[in-house]
Amino acid sequence: MLSPIFSLLLIPFVIAMFLAINMGGSGTAPSFSAAYGAGMLRRDLIPGLFGIAVFLGAILAGKKVTMTISKGILPADMMGLTLVTIILIAISISLLVANLLRVPQSTSQSTVFALIGPAVYFGVLNSDKVFFEILPTWFITPILAFMIVYLIGKFIYHPLKQRNIIAFNQISQYPIWRILVIFTALYVAFAIGSNNVANASGPIVSLLSNTLQLPENNENFILLVIIATLIVAPCFSIGSSIFGAGVVETTGKEIIEFGALGATLISIVTASLLLIASISKGIPTSLVQMNAAAIIALSVCKVGWKETFVRSSIKKLAIIWVVAPLIALFLSFMMVIIADKLGML
């Protein structure tokens, strides 16, 4: 006979693992599309490398984001079994839709919107956190990524290429550049681990700490964070194996062909911005959109504004970015209403 704690864990953990699989598919693109697009790495090597780096990022730098997801938007004492299950299902479905359409989607935005649904329904939304910290970060970071990459591309990268100071077409032949590009791809995956694993593990941690009545600073609470991470993080590699090929092809090949220096530039800029958001304030934010903004900036430097923005893949990205979080919000809100009417909350 199953123990009460195991029974409590089973359903939400299965759903969290399914969510992590979807996040692994979506997160593969911002971490490895640049390296893959530059021809620096075989596609079959990506899932394993991605999974290891994500796991390390979650363990070493993911605590603050986990705290934000577990109690920063919706009070932790409301995170019962039914509500956590609803939130995880809503996030999973929204990301599954994006993955099936081969578009990398922001897990963080879907998660935050899935939390906003029940928070609004019960009138307990932490509006200061959402409107004055999270939402501004979502707008500012992609703009920063675009501006930084555009300025570097326009005034450093492109002039060097035009003057033939560096043999850009031969850089990929040198092992040092291959190592650098792969290292920066791993750096991005590490940043994803510091931010996105919490989207699946955060609600689980909140559920357990609430049920077991563990205080935030208790060593048992930290242990719960570690246990949830150990179970959730490896599922990112599985998702990368299943869904990663399609999304990495979309961003790595359809938008622009990368050179080695361009791939490295994109990885360093986007990962650094995400790590700053994760470590400083614990803000769940969108690496997917920062990465796409940086890719677009490099494309503008190479082929111009008009040629870049008439590409169909960019239009497709923009549409799914808006729709998927709204799906998560709608699903969580409607399921909470139904569950409340049935007396399940």
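Values in this text are rule-based calculations from the coordinates and carry no lab data. In this text, all values refer to a predicted model and were calculated from it rather than measured experimentally. Quick reminder, even Gly has a Cβ in these numbers, built from the backbone with ideal geometry, and neighbours come from all protein chains shown.
Normalised by residue number, the volume inside the convex hull of the Cα atoms of the range 257-340 is 114 Å³ per residue. Couplings for the range 291-304, taken from phi via the Karplus curve 6.51 cos²θ - 1.76 cosθ + 1.60 with θ = phi - 60°, read 5, 5, 4, 5, 4, 4, 4, 5, 5, 4, 5, 8, 10, x Hz in order; Gly and Pro are left as x. Per the Debye formula with a single identical scatterer at each Cα and no solvent contribution, what log10 I(q)/I(0) holds for the range 57-127 at q = 0.22 Å⁻¹? Here the Debye-derived log intensity ratios amount to -1.01. Counting beta carbons within 10 Å around each of K302, K154 and listing the fewest first gives the order K154, K302. For the pair V120 and I140, the difference between a 0.36 nm per residue extended length and the Cα-Cα distance amounts to 4.7 nm.
If you plug the beta carbon distance of K306 and E219 into 1/(1 + (r/R0)^6) with R0 = 41 Å, you get a FRET efficiency near 0.10.
Taking 0.36 nm per residue of sequence separation and removing the Cα-Cα distance, the S280/S127 pair yields an extension gain of 53.1 nm. Exposure proxy ranking for M40, M79, M147, based on other Cβ atoms within 10 angstrom of each Cβ and starting from the fewest, stands as M147, M40, M79. Label separation (Y174 vs M344): 6.0 nm, computed from points 7 Å beyond Cα along the C-beta direction. Take the residue pairs K281/K302; K63/K129; K64/K315 and return only those whose Cα atoms are more than 23 Å apart. Cα-Cα > 23 Å for K281/K302; K64/K315; rest within. Near the amide H of L125, within less than 5 Å, lie no amide hydrogens of residues on another chain or at least 5 residues away, with H placed in the peptide plane.
Peptides 228-240, 82-94, 114-126, ordered by how many other C-beta atoms sit within 10 Å of their residues on average, highest first, read 82-94, 228-240, 114-126.
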